[in-house]
Amino acid sequence: MNGSGINWETIRLVVFDVDGTLYNQRALRLRMLKELISFTIASRSLQTLRILRDYRKLRETIGEKEVDGFEDVLIALTSEKTGVESEKVELIVQEWIERRPLAHMLACRRLHIVELFAALKKLNKVIGIFSDYPAMEKLCALGLEADIVVSATDKEVGILKPNPRGLTAIMAAAGVGPQETILIGDRPERDGEAALRAGVAALILSNKPIKGWLCFPHYAGPQFSPLFDK
């Protein structure tokens, strides 16, 4: 499956990452940066900017360390680093990372992803979502529907990628095995590694080849043409 093609006939479950995979994350972050700069100027305070910066950095570190029950740890560490009480940190994260970006999701949605979801459903493939962030509201904002949605923030998961716990939960819910599953993501070190550890094939969204990984630049690429030819 890390070769030149995919045998879609044997695939029953297609699992997607969300951030950067279903929408253009760079485009969304640029939109959010403009919004954040405007807010910072209006409030005459750098506090929110600093909290979000430290939160993101610490989240990456916690993901690398595979901390179980990461959410409480992350908020506590961000609070300690910034000197801001945990409750306020949590409210700022909810507003700027979970709520405000929803208004920009549709404008940043990946081209041809709607058509791909429709093709998968037509072929009776199970569509799964495996995200490090809460995903249901993002899917609604993107105008997409999935059969199984699992996030690292779910109580039964509680750990970030590359830990494959969430992916294993999706396969169990779908009643399929690793050889019948493919994970589509944009980060080989997180999505790809989680797939590898779960024994699942990985397909990485990238404009450039990445050694050791099967990559694609967009959803109209040849990797997906067999799904549309049916």
Looking at the structure I just gave you, is Ser79 part of a loop (DSSP other than H, G, I, E, B) and more than 26 Å from Leu139 (Cα to Cα)? no
Boolean, Val14 is in a loop (DSSP other than H, G, I, E, B) and of a type in the set (A, V, I, L, M): no
For Ala195, indicate whether it is at pLDDT 95 or above, in contact with a Gly (Cβ under 9 Å, 6 or more places away or on another chain) and more than 21 Å from Arg26 (Cα to Cα). yes
Which number in (1) part of a helix (DSSP H, G or I); (2) in contact with a Leu (Cβ under 9 Å, 6 or more places away or on another chain); (3) of a type in the set (D, E, K, R); (4) closer than 22 Å to Cys140 by Cβ marks the one condition that Arg59 misses? (4)
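Quick grid of which residues meet (1) over 14 Å from Phe16 (Cα atoms); (2) among the hydrophobic types (A, V, I, L, M, F, W, C):
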{"residue": "Leu123", "(1), (2)": "yes, yes"}
{"residue": "Val126", "(1), (2)": "no, yes"}
{"residue": "Val157", "(1), (2)": "yes, yes"}
{"residue": "Arg165", "(1), (2)": "yes, no"}
{"residue": "Thr168", "(1), (2)": "no, no"}
{"residue": "Arg190", "(1), (2)": "no, no"}
{"residue": "Val200", "(1), (2)": "no, yes"}
Would you say Leu183 is more than 29 Å from Glu64 (Cβ to Cβ), among the aliphatic types (A, V, I, L, M) and in contact with a Leu (Cβ under 7 Å, 6 or more places away or on another chain)? no
Of the residues in the stretch 71-82, how many are loosely packed, with under 14 Cβ neighbours inside 10 Å and under 16 Å from Ala152 (Cβ atoms)? 1
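Okay, residues lined up against (1) surrounded by 14 or more Cβ atoms within 10 Å (Cβ to Cβ); (2) more than 25 Å from Arg190 (Cβ to Cβ):
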{"site": "Ile41", "(1), (2)": "no, yes"}
{"site": "Gln47", "(1), (2)": "yes, yes"}
{"site": "Gly63", "(1), (2)": "yes, no"}
{"site": "Cys108", "(1), (2)": "yes, no"}
Exactly one of Val126, Val157 is more than 11 Å from the chain's Cα centre (by Cα) and in contact (Cβ under 8 Å) with a residue 60 or more places away in the chain, and that residue is Val126
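Condition check ((1) surrounded by fewer than 19 Cβ atoms within 10 Å (Cβ to Cβ); (2) in contact with a strand residue (DSSP E or B) (Cβ under 8 Å, 6 or more places away or on another chain); (3) modelled with pLDDT of 95 or more; (4) not assigned by TED's automatic domain parsing to the domain that holds Gly177) across all residues:
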site: Val84; (1), (2), (3), (4): yes, no, yes, yes
site: Val89; (1), (2), (3), (4): no, no, yes, yes
site: Val93; (1), (2), (3), (4): no, no, yes, yes
site: Trp96; (1), (2), (3), (4): no, no, yes, yes
site: Arg100; (1), (2), (3), (4): yes, no, yes, yes
site: Leu120; (1), (2), (3), (4): no, yes, yes, no
site: Ile127; (1), (2), (3), (4): no, yes, yes, no
site: Phe130; (1), (2), (3), (4): no, yes, yes, no
site: Met136; (1), (2), (3), (4): yes, yes, yes, no
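Residue-by-condition table, conditions (1) farther than 30 Å from Val73 by Cα; (2) among the acidic types (Asp, Glu); (3) crowded, with 22+ Cβ neighbours inside 10 Å; (4) outside the structural domain of Arg12 (by TED's automatic domain parsing):
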position	(1), (2), (3), (4)
Pro162	no, no, no, no
Thr168	no, no, no, no
Ile184	no, no, yes, no
Ala198	no, no, yes, no
Gln223	yes, no, no, no
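The values are calculated or read from the model by the stated rules, or taken from the named source; none is laboratory data. All values derive from a computational prediction rather than experimental measurement. Counting neighbours? That spans all protein chains shown, and the Cβs are built from the backbone with ideal geometry, glycine included.
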